[in-house]
Amino acid sequence: MRTFKSILLAGSMLLAIPAFFSSCKENAPELDYEMKVTVVNDFTNVVDAINQSNVSKEQAIKNIAAAIDNMNGDQKDKLQAIVAALNSTNTTLEKQLNVIAGAMQSMSIDLPAKVDLIKTAVEGRPDYNEKLEAVKAAFENINPNSQLETLNTLLDKYGKYFTDRLATISGAFITIGYGNGKLDQIKTAIESLSGYGGKLDAINTQMTALL
């Protein structure tokens, strides 16, 4: 019952956010996802082809991860290509979320770089709901053993940027659940939101009490 109330309250919190801020699948050419991607534009084109192919979302994410892992160049080059794909004017939100998810599944990008990618993806979105979706895509696909470390590192990196902190905490709250010692970490993260306004502090107090 307490968990159910927590989920309900988290939902009401997300629905309340806009008041606080003014802030297709088509046939595509066959693609070899083990190909060596050599330049930024190559990766963006590969992402477009993957997302337009008749494969499931899960398979598209795996194919993007494979493209990243087989990309020529070092980690810096790969991060540049990923950020360029996220910023492409032809890339829809759905495609961008697949890129984020693929980057989290990549075996050739280390955790600090993945954290920086999440930060970049979240900060680059003016819309709160898009921030939230970016966080969820990341946390759903990153190594579960790294989720809490990622959450804490992101909160440190954001500093006092409230919307980014809230989107990250909410995305983590929705995605990683309560088990295996995660409850105390989520509670601490929620408590870090105090001091941002009476109305939100009241929600914060209620959520903390339920947790």
Contour minus end-to-end for Ser146 and Asp77, with contour as 0.36 nm per residue of separation and end-to-end as the Cα-Cα distance? 22.5 nm
Fully extended contour minus Cα-Cα distance, from Lys160 to Ala113, at 0.36 nm per residue: 14.8 nm
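Bear in mind these aren't lab numbers, they're just calculated from the coordinates by the rules spelled out. The model shown is predicted, which means the values in this text are computed figures rather than measured ones.
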